[in-house]
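Each remark here refers to the structure printed beneath this line.
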Amino acid sequence: MSAVVEVVGLVKSYGDVPAVDGIDLDVGAGEIFGILGANGAGKTTAVECIQGLRSADAGTIRVCGLDPTRQREQLRRLVGSQLQESALPDRIRVREAIHLFSTDRSPTGRLLETWGLSERQRTPYGRLSGGQQQRLLIAIALLNSPRVVFLDELTQGLDPAARRETWDVIRAVRDEGTTVVLVTHFADEAEALCDRLTVFRAGKVATRGTPAELINRHARSALVSLRLRAKQELRPEPIERLDGVDSLDIEGDRVEIRGNSRMIAFVCAELVAQGAVGDELRVSQGTLEDALVEMMGEDG
Ligand code: ATP
């Protein structure tokens with residue numbers, strides 16, 4: 001996987017406030033890469049430095065092999081960026097906004113259709129709903145077929161159905177070869193969309209990996225529950241000894257085993273080996289949100 005974004009040792013402070021404090025990132029071609037973190041963790045600052053919108057205090061950044069501050073003009077043709085809401089004047093019409101940002105004059109009909117804006121071409125930006133405004137900003141980021149697109153709080157203000165539709169479109173954008181860097185504080189969005197992600201905390205990288213890796217590493221809320229068959233005796237020790245198991249509770253014929261997600265396969269295998277699996281085996285995984293909450297708790 002060749003790197004589209006490579007960052008080593010990025011540092012950026014505002015006066016005495018260190019916003020980004022030594023971050024490394026590598027984003028591979030054709031992936032959806034998430035940057036996650038609480039408010040103030042340094043996500044926006046890092047992404048602004050990566051796009052050449054702010055100059056870093058230290059570190060090296062390459063985007064498509066280019067230095068974003070010294071080769072900004074060349075880079076602009078390769079990068080799409082979601083504008084902040086305030087970037088468009090209220091009176092500009094949808095079609096005018098698209099033409100303003102389109103450099104190759106390629107037909108934009110399909111893009112407008114994809115984002116549900118075909119019927120709104122003459123509507124001024126200020127008269128669009130919040131969701132339509134958001135979709136227009138995403139459509140603009142995807143104009144001119146960028147190699148990499150930066151989307152900051154992609155689904156802010158969208159209703160649940162529009163959020164899911166947006167996720168599908170972003171997956172399709174990735175599948176057509178565009179690399180997507182997604183900045184978000186929504187763990188469910190990152191879990192649903194990202195191939196890999198990095199979690200920032202207080203300007204540093206707290207953890208990184210695929211959503212499944214982070215869930216396995218940090219979430220301790222996986223649950224295997226079952227109801228024993230009549231007269232079935234369960235031997236608890238072999239289960240309690242398994243990697244990732246935190247607790248085993250037996251109450252009458254009900255059994256609940258809790259722990260880390262990676263225990264699930266081992267626990268099920270042991271239950272099968274003991275002949276304990278009846279009709280009521282249930283398994284639930286932790287989510288990425290559980291992983292993040294529990295990770296913050298571990299270190300906090
Ligand atoms: P959010 O999710 O709230 O957008 P973030 O993770 O994107 O947060 P940043 O906006 O990069 O974080 O902010 C990181 C830190 O830098 C915070 O402490 C913030 O208050 C501070 N900061 C950000 N922009 C500026 C600025 N222009 N001047 C001074 N301090 C700033």
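Just to be sure before I move on: is ILE170 in contact with a strand residue (DSSP E or B) (Cβ under 7 Å, 6 or more places away or on another chain) and within 22 Å of GLU96 (Cβ to Cβ) in the structure I sent?
It is false that ILE170 is in contact with a strand residue (DSSP E or B) (Cβ under 7 Å, 6 or more places away or on another chain) and within 22 Å of GLU96 (Cβ to Cβ).
Looking only at segment 139-157, count every residue that is more than 16 Å from the chain's Cα centre (by Cα), away from the ligand (no atom under 16 Å from the Cβ) and closer than 22 Å to LEU36 by Cα and tell me the total.
3
Surrounded by fewer than 21 Cβ atoms within 10 Å (Cβ to Cβ), of a type in the set (Gly, Ala, Ser), in the same structural domain as ALA29 (by TED's automatic domain parsing) and part of a helix (DSSP H, G or I), is that true of ALA190?
Criteria not met by ALA190.
Among the residues of segment 195-202, are any out of contact with any Lys or Arg (no Cβ under 9 Å at 6 or more places or on another chain), outside any helix (DSSP H, G or I) and not assigned by TED's automatic domain parsing to the domain that holds LEU143?
No, the conditions are met nowhere in segment 195-202.
Every residue in segment 1-37 that is surrounded by fewer than 16 Cβ atoms within 10 Å (Cβ to Cβ) and either touching a helix residue (DSSP H, G or I) at 6+ places or on another chain (Cβ under 9 Å) or not acidic (Asp, Glu) (or both), please.
MET1, SER2, VAL8, GLY9, SER13, TYR14, GLY15, VAL17, GLY22, GLY28, ALA29
Are there any strands (runs of 3 or more DSSP E) wholly within segment 27-105 with 2 or more residues that are within 16 Å of the ligand (Cβ to nearest atom) and within 23 Å of CYS194 (Cα to Cα), and if so which?
It comes to 32-37.
Could you say which residue among ALA273, ALA202 is under 28 Å from THR179 (Cα atoms) and of a type outside the set (S, T, N, Q)?
It is ALA202.
GLU176: over 30 Å from ASP26 (Cβ atoms) and more than 16 Å from the ligand (Cβ to nearest atom), yes or no?
No: the conditions fail for GLU176.
Note down all Cβ pairs under 8 Å where the first residue falls in segment 45-57 and is within 17 Å of ALA141 (Cα to Cα), the second is in a loop (DSSP other than H, G, I, E, B) and of a type in the set (S, T, N, Q), and they're at least six residues apart or on different chains.
So the pair list comes out as GLY52/THR69.
For segment 175-187: of the residues being more than 11 Å from the chain's Cα centre (by Cα) and outside any loop (DSSP other than H, G, I, E, B), which is farthest from THR44 (Cα to Cα)?
If we take residues in segment 175-187 being more than 11 Å from the chain's Cα centre (by Cα) and outside any loop (DSSP other than H, G, I, E, B), then ASP175 is farthest from THR44 (Cα to Cα).
The values are calculated or read from the model by the stated rules, or taken from the named source; none is laboratory data. In this text the structure is predicted, and so the values were computed from the model without any measurement. Positions of Cβ are backbone-derived with ideal geometry, glycine not excepted, and every protein chain shown enters the neighbour counts.
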